[in-house]
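Data block below; observations after.
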Amino acid sequence: MRLLLDSCVWRPAAEELRAAGHDVSHVGERGVDPGDDEILRCSLEENRVLVTLDKDFGELVFVLGRPHPAIVRLVDIRARDHGRATLEILRNYSQELARRAIIVVERDRVRIRLPSAEIP
């Protein structure tokens, strides 16, 4: 799967995901962090699932109505577990990610929200 890891995601997670066969780009490898709007635009344009810890992407999507790719938000997940948690989501929710779901991952639960056009 094609992924864009936000700068707040533990950088070694990129290598863990690459080792598992995923095409991974990390914002920190691209130079200066361009900001949330640009990260969202790039991930959509490059057809990459955005992985972040940042809740501001929810405001961009739900309040401001920005077009978006699939988004995985890791909440209270230890840095060294970012790669493992993301791999688990990719394994278990690939169909939802293909439909541009927003998935919030917490230690004890996973919440999934599909784009409003798909909600009956």
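The values are calculated or read from the model by the stated rules, or taken from the named source; none is laboratory data. None of these values were measured; they are calculated from a predicted model. As a convention, Cβ positions derive from the backbone with ideal geometry for all residues, glycine included, and neighbour counts pool all protein chains shown.
Being closer than 16 Å to HIS82 by Cβ and of a type in the set (Ser, Thr, Tyr) is the filter here; which residues of the range 1-45 pass it? Across the range 1-45, the qualifying residues are SER7, SER25.
Going through VAL49, VAL110 one at a time, which residue ends up being β-branched (Val, Ile, Thr), modelled with pLDDT of 95 or more and under 16 Å from LEU5 (Cβ atoms)?
Residue meeting the stated conditions: VAL49.
Does VAL105 satisfy the criteria of being within 12 Å of the chain's Cα centre (by Cα), under 15 Å from MET1 (Cα atoms) and buried (at least 18 other Cβ atoms within 10 Å of the Cβ)? Answer is no for this residue.
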